[in-house]
């Protein structure tokens, strides 16, 4: 038997309509946290000066970070754009690169943008009831394309997987999602570094 602390059963509340938890505190990301990640930095800086808006928040339900446990929670990406680029999460690989993750869309409309180190990319539409499977080795980012309501997802992944935000902060994603003629369209990221 391992010397690790034995995990006892527990319950944590969160609202399926809002993604919010009445007892937990979320981790929050604002416009200023997206510096270096959007294609129009000038517009971003102007927006930050006016108001450093909340772009997304997520609730980590504090499961033990061991390979035999499951991390889970909710992610809420708010509506908005930086120029023509939709609000998004920063995105991440997992520290344990082969870790897969599941996202279940509770509310809103968006996309899960994914890419792997081998150069492949993919995007899956997220609408209520859609479960997106993110395979191991794929970085992933949630993007909200709804102009009125938040994109709310439930997520779950291996307990010790961790988050590698640094690779995305340094390289960016190969693709960006922008609005063109009133519709979402994926375009090449001019700032992406191979």
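Given R0 = 41 Å, the distance between the Cβ atoms of residue 68 and residue 191 translates into a calculated FRET efficiency of 0.55. Backbone N atoms of the range 55-78 closer than 17 Å to the 7 Å Cα→Cβ label point of residue 148 belong to residues 78. Take the chain, connect every pair of alpha-carbon atoms lying under 10 Å apart with a spring to form a Gaussian network, then pick out the residue of 157, 93, 173 with the largest mean-square fluctuation. In this elastic network of the chain, the residue with the biggest mean-square fluctuation among 157, 93, 173 is 157. Length available on full extension from residue 50 to residue 102: 0.36 nm per residue minus the Cα-Cα distance, which gives 15.1 nm.
Given their separation in residues at 0.36 nm each and the Cα-Cα distance between them, residue 133 and residue 167 gain 10.1 nm when the chain is fully extended.
Determine the shape class of the range 1-56: with a ≥ b ≥ c the square roots of the Cα gyration tensor eigenvalues, call it rounded for a/c under 1.5, and otherwise prolate if a/b is greater than b/c, oblate otherwise. Since a/c reaches 1.5 and a/b is larger than b/c, the shape of the range 1-56 is classed as prolate.
Taking every C-alpha pair closer than 8 Å and separated by at least 6 residues, the mean separation divided by the residue count of the range 27-188 gives a relative contact order of 27 percent.
Comparing 18, 153, 74 in a Gaussian network model of the chain, where Cα atoms under 10 Å apart are tied by springs, the biggest mean-square fluctuation is seen for 18. Packing here is the average count of other Cβ atoms within 10 Å per residue, and on that basis the peptides 143-152, 98-107, highest first, run 143-152, 98-107.
You can think of it this way: the chain between residue 18 and residue 41 has 5.3 nm of extra reach, that is 0.36 nm per residue less the Cα-Cα gap. Distance between the C-alpha centers of the range 1-75 and the range 127-142? Whole Å please. Taking the Cα centre of each part, the range 1-75 and the range 127-142 sit 16 Å apart. Classify the chain from the C-alpha gyration tensor, please: rounded if a/c falls under 1.5, else prolate or oblate depending on whether a/b exceeds b/c. Prolate, because a/c is 1.5 or more and a/b exceeds b/c. If one takes the longest principal axis of the Cα atoms in the chain, at what angle in degrees, from 0 to 90 and to the nearest 10, does the Cα axis of helix 41-50 lie? For 41-50 against the chain, the angle is about 80 degrees.
The calculated FRET efficiency for residue 183 paired with residue 6, based on their beta-carbon distance and R0 = 45 Å, is about 0.30.
We did not get these values from a lab; they are worked out from the coordinates using the rules stated. Since this is a predicted model, take the numbers as computed values, not measurements. Glycine gets a Cβ as well: all are built from the backbone with ideal geometry, and neighbour counts include every protein chain shown.
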